[in-house]
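The values are calculated or read from the model by the stated rules, or taken from the named source; none is laboratory data. Bear in mind that the values here come from a model prediction, so they are computed numbers and not experimental data. When we count neighbours, we look across all protein chains shown, and the Cβ atoms used for this are built from the backbone with ideal geometry, even at glycine.
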Ligand SMILES: Nc1ncnc2c1ncn2[C@@H]1O[C@H](COP(=O)(O)OP(=O)(O)OP(=O)(O)O)[C@@H](O)[C@H]1O
Ligand SMILES: [Mg+2]
């Protein structure tokens, strides 16, 4: 009797557990389908209420007419379709993390972006968004998307965003004209719009106290990206431009705005850098006299922008002594120029250490990696390890000129399509900048003679 009791109790417990799991499963499924069920329930309730007033058939007709009427309103239709899509995404996310056996990661607000969807998420206690990031590939398989990107909020480790990348919004994008193409005057102290990201938002960089290294295979769009930075500096009459162009044809159009231009000649380039170094030393003496550690916008002191296209040309010079001198002068400007207002922007195809000494390369704070042939080449530009974290410029297709990964203020590379200036735009901008500088120079000359 006691033996029968002890055998039947575990069986009954098991049955209860199974029943409980089934009920929980059904309730969970109903809860996840709450929006759809809620909509159907409202229609049924509406029909029941109306049936008491106008009869069954008329109530059905009225409810259908009302629903059709509401759906005919574009705002309501759009809202409903979006709410259903968001609910579908949340359900898919729930299934994905349960299938990947991850701790609970609750999905919140879902928003549509050109690449797919952006989902706000909250990790459960004892878990982390980093653990979710490590399973991004499996999650992408479960969700059947191109890529899953996880970014945690800077101020709260529990919350963040998950980007479900379904398509490459930059792939079909035609060349995007520069936002400041028609500007009369610009300031290099202000953020410079350089491109659009996958969310369709403008990406900017703020250059004071920074240096930029641009890299990528031939024809990837380095000179085009560099010309946007040069154009901004040229349209700021307070900026002094120093140009080094290993090809001569890329930057010579800006010559009337430049303090000095060096072509594919190492001696010219060294002379330019020496002159700039003297300016830098003079600037530090001036700062010392003013009791300042670095220049500020309100000081009225000029920023110096050094733009160097085809850096490898100068660093690959056959004369080893000159090559070393060039590298040392540039390294010194990058290393010490920040507080004096010297900004160096250099472009080269592959800044490997046999081309660009790592003592120089590692000093560049901002990096733009345009299309590269290999993940190693991408890491050479952005820094070691980014390719394995999914930020790999070798995944950019060869036809996507001007698409790249920008590593700037955020500290994480941002995929963008750079704005593009046609040759006509560059000519027009260079003419406008030269006229602006001439006006500025004349006004200053008049003031001194008065
Ligand atoms: N942002 C862009 N949008 C659209 N097209 C672009 C963009 N950037 C570059 N291109 C196209 O790619 C071509 C090559 O660009 P660019 O000369 O800047 O390449 P590069 O990387 O400097 O090449 P190289 O290493 O040979 O100097 C341009 O003539 C232009 O047609
Ligand atoms: Mg070029």
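Points worth noting:
- The residue that is surrounded by the fewest Cβ atoms within 10 Å (Cβ to Cβ), among those in segment 217-226 that are near ligand 1 (Cβ under 6 Å from one of its atoms) and part of a loop (DSSP other than H, G, I, E, B), is 218.
- Checking each residue of segment 279-297 against the condition of being under 13 Å from residue 344 (Cβ atoms), within 34 Å of the chain's Cα centre (by Cα) and not in a strand (DSSP E or B) gives at least one match.
- In segment 111-128, the residues that are under 20 Å from the mean Cα position of the chain (by Cα) and either surrounded by fewer than 13 Cβ atoms within 10 Å (Cβ to Cβ) or not in a loop (DSSP other than H, G, I, E, B) (or both): 111, 112, 113, 116, 117, 118, 119, 120
- Here is the figure for segment 244-258: residues that are within 16 Å of ligand 2 (Cβ to nearest atom), part of a helix (DSSP H, G or I) and touching a helix residue (DSSP H, G or I) at 6+ places or on another chain (Cβ under 9 Å) total 2.
- Any hit, segment 177-185, residues being within 30 Å of residue 398 (Cβ to Cβ), assigned to a loop (DSSP other than H, G, I, E, B), more than 15 Å from ligand 1 (Cβ to nearest atom) and modelled with pLDDT of 95 or more: no
- Lone qualifier among 261, 241, 214, 229 - being assigned to a strand (DSSP E or B) and within 15 Å of ligand 2 (Cβ to nearest atom): 214
- In the condition set (1) in contact (Cβ under 8 Å) with a residue 60 or more places away in the chain; (2) in contact with a strand residue (DSSP E or B) (Cβ under 6 Å, 6 or more places away or on another chain), residue 132 is compliant with all but (1).
- Being out of contact with any helix residue (DSSP H, G or I) (no Cβ under 9 Å at 6 or more places or on another chain) and surrounded by 13 or more Cβ atoms within 10 Å (Cβ to Cβ) is a description that applies to residue 417.
- Where a residue in segment 402-418 is farther than 17 Å from residue 220 by Cα and in contact (Cβ under 8 Å) with a residue 60 or more places away in the chain and its partner, wherever it lies, is within 13 Å of ligand 1 (Cβ to nearest atom) and not in a strand (DSSP E or B), with Cβ under 6 Å and at least six apart: none
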